[in-house]
1. Would you kindly identify the helices (runs of 4 or more DSSP H) lying entirely within region 411-498 that contain at least 3 residues that are under 18 Å from the mean Cα position of the chain (by Cα) and either farther than 30 Å from Val61 by Cα or in contact (Cβ under 8 Å) with a residue 40 or more places away in the chain (or both)?
2. Just to be sure before I move on: is Ala505 surrounded by 13 or more Cβ atoms within 10 Å (Cβ to Cβ) and either closer than 24 Å to Gly464 by Cα or free of Cβ contacts under 8 Å to residues at least 60 places away in the same chain (or both) in the structure I sent?
3. With respect to Gly388, determine if the residue is small (Gly, Ala, Ser), part of a helix (DSSP H, G or I) and surrounded by fewer than 24 Cβ atoms within 10 Å (Cβ to Cβ).
4. Suppose we keep only residues that are in contact with a His (Cβ under 9 Å, 6 or more places away or on another chain) and farther than 19 Å from Ser328 by Cβ within region 61-88. Which one would you say is surrounded by the most Cβ atoms within 10 Å (Cβ to Cβ)?
5. Would you please name the residue that is farthest from Val450 (Cα to Cα), looking only at residues in region 514-569 that are under 29 Å from the mean Cα position of the chain (by Cα) and among the polar types (S, T, N, Q)?
6. Could you look through region 543-574, keep only residues that are over 18 Å from Ala55 (Cα atoms) and among the aromatic types (Phe, Trp, Tyr), and pick out the one that is most open to solvent (accessible area, probe 1.4 Å)?
7. Residues Leu395, Leu401: which one is out of contact with any His (no Cβ under 7 Å at 6 or more places or on another chain) and open to solvent by 20 Å² or more (accessible area, probe 1.4 Å)?
8. Just the residues that are open to solvent by less than 70 Å² (accessible area, probe 1.4 Å), touching a His at 6+ places or on another chain (Cβ under 9 Å) and either part of a loop (DSSP other than H, G, I, E, B) or at pLDDT 90 or above (or both), please, taken from region 1-46.
Amino acid sequence: MAFSSNRVDLSDKEEQPRHFYWSWLVRISLVVAAVIITQYLAPEGVGSGIPQLKAVLAGEVELEAFLSERVFAGKILATICALGAGLPIGREGPFIHLAAAVAAILRMRVFKGEISKRRLLCAGAAVGIAACMGSAVGGTLFSIEVTSITFIVSYYWSTFSAAIIALVINAGLQKLLTMIGIVPLFSVAFTDVNAEGFLIHDFIIMSFIGLCCGFLGPLYVHTHAKFVQFRRFLKHKYYPNLPIFLTSQITTAIILTTTYCLFCFLMGGALTVPQRLLLNDLLTPGELPKIWAEGFREEIQLPLLAATVFLFSIAFCTIRIPAGIFASMFVCGASIGRFVGLITGRFHLELLPGTSPGERLACFALVGGAGMTSSVTQTFSAGIIAYGLTGLDGLLMPVLLVTLISCGIAMQLSHNIYDSSCILRHIPLLLVPSNHHALEITAESLMTPVDGLMIDNAVGLKVGQGKKLLNDIDPHAPIPVVHSAGNPLLLGSMSHRMLKLVLDACERVGRQEISTQEEAVIPLVDQCPLIVNKDANLQKIAFLFHTLRAESAFVVDFGIAIGTITRGQLIDYQNENFYLY
């Protein structure tokens, strides 16, 4: 949970350089501390942690250190420093990682492994977002949408219960801290909004906001990927020829933070406000704080703020600190929404009848924030979370409308930011493609042809032929056992490891030939291998591999083995053709 602090008065021009110097010094110190803690104490805690958690829940990898006590302690400290520096980053990802780490630690220390690991991790992910954003329903849906490719329905009760408990504790702490003068984040003060009073042009303008966010989200994902690739290009081409102090993570963090602080100081106004306070300002139904009047006009500050958060959040998400993108994208979208509301207000349109001008701008900011966040993460739960900030039923329909439009457009143009991070970080996570083009790609176009590399069940296999099979076939691909060379009907398969064991045993006893019909060999043959028809599409194949956690499959044509597909092949194809995902 994050809370606001007192604002610094920058109206005295003579005091501004001193404020800038101390602000820069504090931010640099906190960012450097976050980098050092992450680099040396918790290197697995870089970024949000959601892509790695998604891979763990999918059963693709076992990242024991990722959910360890060491990473938990290190990420807490690094997250405090990174958020305290006022950078344009979110905290939902680190909170989800921390909550999942708590769940994993409790499972091993308290429950001794008796409770399902996946059940607890799903609950932990929901707790993280519920504690951050104050929405149990949104947290549960976000956990399902972001961290799970497939969700076991029986886990829903425990996941939702954990999110409700987190919400109750969060609300109690907010009340307690409000009593002692600390204002909680998202202290939104909307009056009631009547949904029946919305006019047709209200929905047209809100749909326009959803349309803009729908295109900006994929642009953000694409720009992030290109920036990561550019940094890797510099690292491999130029960094080896430069002194190490110029290429270290600490130097990169100092340069980025200095650039951000200097740009915000020169622009002034809203850009000097820490991100944790910007959301309160943008969602304020009344007049904006005095500091906004010290910069450019509001019509200029709002798009400038959106562009600044858009670009610098990408930059800071690529350095070695804990960082999410939910809050920063909400600020970016809220700026866009409030800007659209401000411009349309200049035409004296009667928008959102029954609301004051300030409330109208806050409503547009809310739907803009929901639309942008939904577009980047491609989650419908972003709209539910945004609705939960106000709790007003009148805003549910416009928020969900914008969320639906922006998320729908984004899904057709790119994958979400978390799947993109999986691909960029080479996390071996097999995704299920959602693009309609994936339906046109068949198993026959993906497979590696058998080309006669098989075990003949009728005549057996000579040791020399077996060694050739081991050399010619991918070690991860199964070796087909067929009825005969003339009738290659698939009967089963044998793994590389099993065939090597059989060949080694034959060499030890001096045998030159083996038969798959021998009593000692039959148990080593998998008589029920996974098979897919040659016309099966990529979406179906990826879903089968993910659901069954299969490593390989045969491609058949009327029962005859014509090729093989491995998980590694699908992941490589996914990384090379990620536009399909």
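1. Numbers: elements: 417-424, 443-446, 463-472.
Per the criteria, 417-424.
2. Numbers: surrounded by 13 or more Cβ atoms within 10 Å (Cβ to Cβ): yes; either closer than 24 Å to Gly464 by Cα or free of Cβ contacts under 8 Å to residues at least 60 places away in the same chain (or both): yes.
Judged against the criteria, Ala505 is a match.
3. On the way: small (Gly, Ala, Ser): yes; part of a helix (DSSP H, G or I): yes; surrounded by fewer than 24 Cβ atoms within 10 Å (Cβ to Cβ): yes.
Yes: the conditions hold for Gly388.
4. Leu67
5. Among those that are under 29 Å from the mean Cα position of the chain (by Cα) and among the polar types (S, T, N, Q), it is Thr547.
6. Of everything passing the filter in region 543-574, Phe558 is most open to solvent (accessible area, probe 1.4 Å).
7. Details: Leu395 fails: open to solvent by 20 Å² or more (accessible area, probe 1.4 Å).
Of the residues listed, the single one that is out of contact with any His (no Cβ under 7 Å at 6 or more places or on another chain) and open to solvent by 20 Å² or more (accessible area, probe 1.4 Å) is Leu401.
8. Leu10
The values are calculated or read from the model by the stated rules, or taken from the named source; none is laboratory data. Predicted model only: the values in this text are computed from it and were never measured. For neighbour counting, all protein chains shown are included, and Cβ atoms are generated from backbone atoms with ideal geometry for every residue, glycine included. For accessibility, only protein heavy atoms count, side chains too; no ligands or nucleic acids. Shrake-Rupley method; radii C 1.70, N 1.55, O 1.52, S 1.80 Å.
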